[in-house]
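The values are calculated or read from the model by the stated rules, or taken from the named source; none is laboratory data. Just so it is clear, the model here is predicted, and its values are computed rather than measured. Cβ: placed from backbone, ideal geometry, glycine included. Neighbour counts: every protein chain shown.
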Amino acid sequence: MMDLMLSLQDEFDTSYIFISHDLSNARYFSAHGGGKIGVMYLGELVEVGPAEDMINDPKHPYTNVLRWATPDLALRETGDPPMRKIDVPDPVDPPSGCRFHTRCPKATEACRRETPSGYQHGEQTVACFREDEDHEYWDSPELTD
Ligand code: SF4
């Protein structure tokens, strides 16, 4: 199906927004269609960049979870996902601040209060305070609840 879509892209010189829960599919489609991967969490883009950068060097902790969860990438180094909690928050009433803070293994108190904007890291755009070395995140206590 993806190859058919890619051949139609060539034939009609068109563009796609291809939505998948599988990072391997996104990688294949991006590589052959000339696009980028955008990772969404609870309705917000958290990281955008070239496929190989996103897969080999993800900057956002949630992109790292997706990479862990993709068997084809053979990157599962441990049996546990790189998250604090498995439970998905209610998307109708999302968490304050960074929406990933309730599950993020790197979260601090600053993440609960403030929403990160997009920081540029090479060709990747990343919505995480860890990309800003001057942010109060670095002096804020780690979240444990
Ligand atoms: S801003 Fe904080 S909670 Fe959000 S992804 Fe970055 S470290 Fe995790």
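Scanning region 1-59 for residues that are charged (D, E, K, R) and under 30 Å from ASP93 (Cα atoms) yields ASP22, LYS36, GLU44, GLU47, LYS59.
Please list, ordered by residue number, the helices (runs of 4 or more DSSP H) wholly in region 1-85 having 2 or more residues that are surrounded by fewer than 17 Cβ atoms within 10 Å (Cβ to Cβ).
Per the criteria, 2-12, 23-33, 51-56.
Considering region 83-111, the residues that are among the aliphatic types (A, V, I, L, M) and near the ligand (Cβ under 8 Å from one of its atoms) include one that is nearest to TYR62 (Cα to Cα), namely ALA107. Selection of region 119-144 for residues being near the ligand (Cβ under 10 Å from one of its atoms), in a loop (DSSP other than H, G, I, E, B) and not acidic (Asp, Glu) yields ALA127, CYS128, HIS135, SER140, LEU143. Based on this model, can you work out whether MET54 counts as farther than 23 Å from THR125 by Cα and in contact (Cβ under 8 Å) with a residue 24 or more places away in the chain? For MET54, the condition - farther than 23 Å from THR125 by Cα and in contact (Cβ under 8 Å) with a residue 24 or more places away in the chain - is not met. Inside region 64-88, residues that are at pLDDT below 75 and among the basic types (Lys, Arg) make up a count of 1. Filtered by the rule that a residue be of a type in the set (Val, Ile, Thr), under 19 Å from ILE86 (Cα atoms) and more than 14 Å from the ligand (Cβ to nearest atom), region 37-74 gives a lone residue, THR70.
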